[in-house]
Structures are given as structure tokens and as C-alpha cells.
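One structure below.
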Amino acid sequence: MVEAIVPQGISVAPATELGTGSGPARLTRSIGVLGGTLLTLSCLTPASSLFVIVPGLFTTQGTGTVLTLVIAAVLCIGVAFCYSELGTLAPSSGGEYAMVGTVVGRFLAWLVFVIALVVVLVIPPIMAVGTAAYLSSVLAVDHSLTGAIVMLLSVGMGLLQLRTNAWVTGAFMVLEVVAAAVVAGLGFAHVHRSAGSLLHPQVLGASGPSPLSGLVLVSGLAVALFVLQGFTTAVYLAEEMRQPRRTVVRTVLWTLGVGAVVIIVPTTAVVLGAPDLKALTDGDLVAMVTGWSNSAVATFISLCIALAIVNATIVMVIQNSRVLYASARDRAWPTPVNRALGNLNRLGSPWIATLVVGLPGAALCFVDLTLLNQVTSVVVAALYLAVAVAALTTRRARHRNASPWRMPWWPVVPVVVIATLIYVLTQQPIPALLITAAVIAVAIAYWAVYLRRSPADRWVIMMPTE
């Protein structure tokens, strides 16, 4: 059974039962903390973020990259608390939109869904295209075409049973950690600067090295949040977790902790081990590994990284398809679309939703990655902001009978997260902010024209029982 979420002042129709002819079939509860953590870690893809996104931070943050990541990780602890409390209050594959809809209402839930949909479509191709850079040590490949092939492979894997994918991606995770550990060991074995340089960071400008300014550091926080992004996607698996009100919070916190260590420790090693500031700013990790060891080790690391990226893309397609599945169950679209997106194959996978996530992602592999990265950084920050705002309302009278996990230091944690994220957003590139604003404007128009006109049978957010 499911129950409709009825925010104060909102009237919705009684929810239909999952698994009947009137709604999508019920997802199967088949994973616990270990399986959920393996899948979510693979979505956070710490090694892939380390080798694909962190090099871009070296360019803007220089030796301050570690400090930027540490500050972002501290901020993510507050975000993790917000997600854990909301995710155990509303354990749904809808993730952020279901959580926000539970405590705030349908309209903001819809905007959050659309923002999350941008993340769903954009992040996998960004990671997939990064595969080619690390395959180049073995064979010459086209970056965009390789990314598209990885996306199509991920779609095929996404059609399998979730438990099967948990073990496959878990095996790939071992290679990720090995690659990160080797890079960390090599970097620490070839230190060229003191640990004090991490607290007094420098960047390479046109006139040479200069101190990292506070404004530049803050502007890099959005990208740093993108690097760590993924721990929150544990909430997307809530409907397939056993005892979700216990499993979700443990999965979120374990994933953030392990992921942060796997990213920040090797990044520290690279910063300290880079032969000079120019080599660090160039961000060519394969060249640095070659200089620290030899080409054979660099090739091994490159192949491990390529597999890690493939692994990450597979898991992101799997988890993102669950968001579309949930939107169909909650009647976000016209009835024929809802029926299609809610359709499960014999292995229990929402196969049409998987295709809808993966195929456009393959096409986006041919779009400029710089713009995709900037837009993703903005929407991730906006998504965290909406969740933090919702976390301020979780303890109102109508939720007192619920039994979610309660974050410590409420409401200080969400207030600090909100203030920090608002400031971070003000420092982002104007084109990325305008694109995000345009997406939100389209979402508002769809709400006004379609969803708002029939609240009894459109966008009815439903919660499955445990």
C-alpha cells in the first residue's frame, strides 16, 4: 500500500495501490546497507571524480584544491544530515522531490524534480566522456564517441536486476580504490612541497604564482560539491532497501565518509607531489604518475580509471531511472507516458525509464563539457539548497507522529547550509545561472498549464509502505 502525502493546505486524491493495473508495479526490496553503500559509492564514484573533475579544480584553485574540497566536505555533512532526516521521513525512489513534497508541498516538489532531472541527464555523459582521456594511453579514441558508447553500455547494464548490478559495480569499486591508493602512495613518496602549502594555497596566474583569494575559493565550492555529489543518491534506492528508515541514513553517511577519504587523500598527495605549480595546474595526472613511476604503472592506472568511470555511469543510469519511474507513479505526465515510464521488465527494472535516461545522455556526449560542468555545479547547489529549506520544516506538528532519523543541531545545520549555498550560487558563471533559471521557468509553465489544473489526479506524490 501507499499513502498520499498531503501537505497542509493541499488537497490530493487517495493514492492507488502499487502493483495494480492503475499504477506502476512495486519495486522489490532486495538490498541492505552494504549493497546500498556499494551502489551509492559507485554513483558518487570517488575515483572517477578524482580523475575527471578534480583536475579542473587544480586549474582554478591550485594548491588550494585540498582546502576547497575539505570545506565542501564539511558542508556536505550538513547536507547529509538534511537528506538523512528527510529520506527516512519519506523513503521514496523520487528522492529529493518526494522528500520536499512531504514537508513543503507539490509545487516546490515539482521544481525540485525538474532540477534533479537536469542532474539525471547531464552528469552521466560528463563522466562517460572522461573515459576516453584514460583509454588514450592504450589506443587512440574519439572522446565524444567513446562517451556515447559507454552510455549505451550503461543502459544495457541498467536493464538487469538491481542486486546483480550491486555486486558488479562493487567489484569495479575495488579497482577504483586501488587506482586512487596507488596515486596517493606515489604522490606521498615524491613530495615537492610542505604540508603548510595546503593552508597557504597558491594559484598560477598570467604573472606567475599568487595567493588564492577567498572569492576564488568560494567560486570553486560549487565544483567541489559536484566532486562529492552522489552520496545523497542513496535516497533514490529507498524503495528497494530493506528497513529503509534505518538503512537510508547509514548508507548516506557511510558513502559520504568513504567517498571523501578516497577523493581528498589522493588529492592531497597529488598537490604535495606535483613537481611544480604549472604541472599541478595542467592537471595531467597520467603524466605525473609516469614521472613518479613509469609508463607501465601509468597505463595500469589509466585502465583502472576508465573502468571506474564506466562503473560510475552504469550506477548513475540505474539510480536516475528510478527517479523517472517514481515521477510516473506520481502522475507527473500524461497517462500514456506514466504507464510507459512505470513499466518494469522481468528482472524488476524500469526499462523504459532507463532508456529515457540513457539515450539522451549518449547524445549529450557531443555537447561542450565546460558548459555542462558549470550548469551541473549550479543545479547541484540549488538542489541541496531546496533540501536544506525543506529540512527546516520537518518537525512541524503534522510530522510529530512520524519516526524518521533526527539530525543533531537542528535547526542550526540547515540554516548554515542554506546561507552558505546562497552565497556560493552568487559566485557562479552567469551563463550557467541563466540556463538553470530558464529550466525552472519551463517547469513553472508546465505546472501552470498542466499539473496545477487537476491536483486530484496529477502529481500525487505517494509513499510506499515498508
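The values are calculated or read from the model by the stated rules, or taken from the named source; none is laboratory data. Please read all numbers here as calculations on a predicted model, not as lab measurements. Positions of Cβ are backbone-derived with ideal geometry, glycine not excepted, and every protein chain shown enters the neighbour counts. For the accessible areas, the whole protein counts, side chains as well, though only heavy atoms, and no ligand, DNA or RNA atoms are used. Shrake-Rupley method; radii C 1.70, N 1.55, O 1.52, S 1.80 Å.
Taking the options ALA390, ALA381, ALA353, name whichever one is touching a Phe, Trp or Tyr at 6+ places or on another chain (Cβ under 7 Å) and either modelled with pLDDT of 85 or more or of a type in the set (D, E, K, R) (or both).
Answer to the selection: ALA353.
Kindly check whether there is at least one residue in the stretch 100-110 that is outside any helix (DSSP H, G or I) and not hydroxyl-bearing (Ser, Thr, Tyr). Outline the logic, then answer.
Step one: filter the stretch 100-110 for residues outside any helix (DSSP H, G or I), giving 104-105.
Within this subset, residues satisfying the condition of being not hydroxyl-bearing (Ser, Thr, Tyr) are 104-105.
Yes, the stretch 100-110 contains at least one residue that is outside any helix (DSSP H, G or I) and not hydroxyl-bearing (Ser, Thr, Tyr).
Out of the stretch 296-327, which residues are closer than 21 Å to LEU135 by Cα, of a type in the set (Gly, Ala, Ser) and in contact (Cβ under 8 Å) with a residue 24 or more places away in the chain?
Result: ALA298, SER302, ALA306, ALA308, ALA312.
State yes or no: is ASP276 under 24 Å from THR376 (Cα atoms) and among the charged types (D, E, K, R)?
Answer is no for this residue.
Tally time: how many residues in the stretch 334-350 are at pLDDT below 85, within 16 Å of VAL323 (Cβ to Cβ), among the polar types (S, T, N, Q) and out of contact with any Ser or Thr (no Cβ under 8 Å at 6 or more places or on another chain)?
Of the residues in that region, 1 qualify.
Based on this model, can you work out whether PHE107 counts as buried (at least 24 other Cβ atoms within 10 Å of the Cβ) and on the phi < 0 side of the Ramachandran plot?
no
Residue-wise test of (1) part of a helix (DSSP H, G or I); (2) under 26 Å from TYR83 (Cα atoms); (3) modelled with pLDDT under 95.
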residue: SER403; (1), (2), (3): no, yes, yes
residue: VAL417; (1), (2), (3): yes, yes, yes
residue: THR420; (1), (2), (3): yes, yes, yes
residue: PRO455; (1), (2), (3): no, no, yes
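I need every pair where a residue in the stretch 328-352 that is part of a helix (DSSP H, G or I) has its Cβ under 6 Å from the Cβ of a residue that is of a type outside the set (Lys, Arg) and surrounded by fewer than 16 Cβ atoms within 10 Å (Cβ to Cβ), sequence separation at least 6 or different chains.
TRP351/ASN345
In the stretch 353-384, what residues are in contact with a Gly (Cβ under 7 Å, 6 or more places away or on another chain) and part of a loop (DSSP other than H, G, I, E, B)?
CYS365
Name the residues in the stretch 363-381 that are closer than 30 Å to ALA72 by Cα and among the aliphatic types (A, V, I, L, M), would you?
Within the stretch 363-381, LEU364, VAL367, LEU369, LEU371, LEU372, VAL375, VAL378, VAL379, VAL380, ALA381 qualify.
Has the stretch 229-245 got any residue that is at pLDDT 85 or above and either in contact with a Pro (Cβ under 7 Å, 6 or more places away or on another chain) or within 25 Å of LEU145 (Cα to Cα) (or both)?
No.
Could you list all residues from the stretch 61-105 that are touching a Ser or Thr at 6+ places or on another chain (Cβ under 8 Å) and of a type in the set (Gly, Ala, Ser)?
Once the filter is applied, which keeps residues that are touching a Ser or Thr at 6+ places or on another chain (Cβ under 8 Å) and of a type in the set (Gly, Ala, Ser), the stretch 61-105 yields GLY62, ALA80, ALA90, GLY94, GLY95, ALA98.
Could you please let me know if ALA445 is exposed (fewer than 14 other Cβ atoms within 10 Å of the Cβ) and either on the phi < 0 side of the Ramachandran plot or assigned to a helix (DSSP H, G or I) (or both)? Write out each step before concluding.
On the way: exposed (fewer than 14 other Cβ atoms within 10 Å of the Cβ): yes; either on the phi < 0 side of the Ramachandran plot or assigned to a helix (DSSP H, G or I) (or both): yes.
Yes; evaluated as a whole, the condition is true for this residue.
Being at pLDDT below 90, among the β-branched types (Val, Ile, Thr) and surrounded by fewer than 23 Cβ atoms within 10 Å (Cβ to Cβ) is the filter here, so list the residues in the stretch 250-280 that pass it.
VAL258
Of all residues being outside any helix (DSSP H, G or I) and within 16 Å of the chain's Cα centre (by Cα) in the stretch 71-99, which is modelled with the lowest pLDDT? Just the residue, please.
SER93
Filter the stretch 219-247 down to residues that are open to solvent by 10 Å² or more (accessible area, probe 1.4 Å) and on the phi > 0 side of the Ramachandran plot, then give me how many there are.
Of the residues in that region, 1 qualify.
Considering each residue of the stretch 286-315, count those that are open to solvent by 10 Å² or more (accessible area, probe 1.4 Å), part of a helix (DSSP H, G or I) and either closer than 30 Å to VAL235 by Cα or not β-branched (Val, Ile, Thr) (or both), and give that number. Talk me through it step by step, then tell me what you get.
Start the filter on the stretch 286-315 by keeping residues that are open to solvent by 10 Å² or more (accessible area, probe 1.4 Å), which leaves 286-288, 290-297, 299-300, 303, 307, 310.
Okay, now just the ones that are also part of a helix (DSSP H, G or I), so 286-288, 290-292, 295-297, 299-300, 303, 307, 310.
Right, trim to either closer than 30 Å to VAL235 by Cα or not β-branched (Val, Ile, Thr) (or both) and you get 287-288, 291-292, 295-296, 300, 303, 307, 310.
Total satisfying the criteria: 10.
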